[in-house]
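For reference, the structure is listed below as structure tokens.
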Amino acid sequence: MVGKFESNKDLVQELTASGAQRVGKIASLITGTVAEVAREIGEFLTDAIEMREAAAAARRDAERDAAFVDTETEFVDLDAPVADDFGARAAFAEPVVGDKAPADDDKAPATDNKAPVTGEQA
């Protein structure tokens, strides 16, 4: 049979080994947690930097757009009548008495006893 001293020694030995293993696991958990926290903080700071850069780019774009709007711009009246390339009247112009629509191969109709206008003369 095992004596009381040897029994106590085995108990202390097992408790010490078990405690050391537990402390090691706890330290490993703490180390892993600290690493994960550091990684999350780093990703958060990266996101903040990217958002700051995006906001600065948006401000620059807005300033550039505002500068473009402030420059002198020539406006074109899109409602103004425009004759087509062949010298014919605009499609929305009021017809004149005696006018007829020219065929594709005809010259534009003559008005006021003037010579007809062709595409090359227009």
Which percent of the accessible area of the stretch 6-59 is formed by carbon and sulfur heavy atoms (probe 1.4 angstrom)?
64 percent
Express in Å², to the nearest 10, the accessible area of VAL2 obtained by rolling a 1.4 Å probe over the protein heavy atoms while all chains stay in place.
90 Å²
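Just the accessible area per residue of the stretch 1-55, please: how many Å² with a 1.4 Å probe?
In whole numbers, the stretch 1-55 has 92 Å² accessible per residue.
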Where N is the number of residues in the stretch 1-64, Cα Rg divided by 2.2 N^0.38 Å
2.58
So how far apart, in nm, are the two label points at VAL34 and ASP10 if each is 7 Å from Cα heading toward Cβ?
3.9 nm
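The values are calculated or read from the model by the stated rules, or taken from the named source; none is laboratory data. Everything numeric in this text was worked out from a predicted model, so none of it was measured. Virtual Cβ from ideal backbone geometry, glycine too; neighbours counted across all protein chains shown. The protein model used for the area step is the full one, side chains on, heavy atoms only, and it has no ligands, DNA or RNA in it. Shrake-Rupley method; radii C 1.70, N 1.55, O 1.52, S 1.80 Å.
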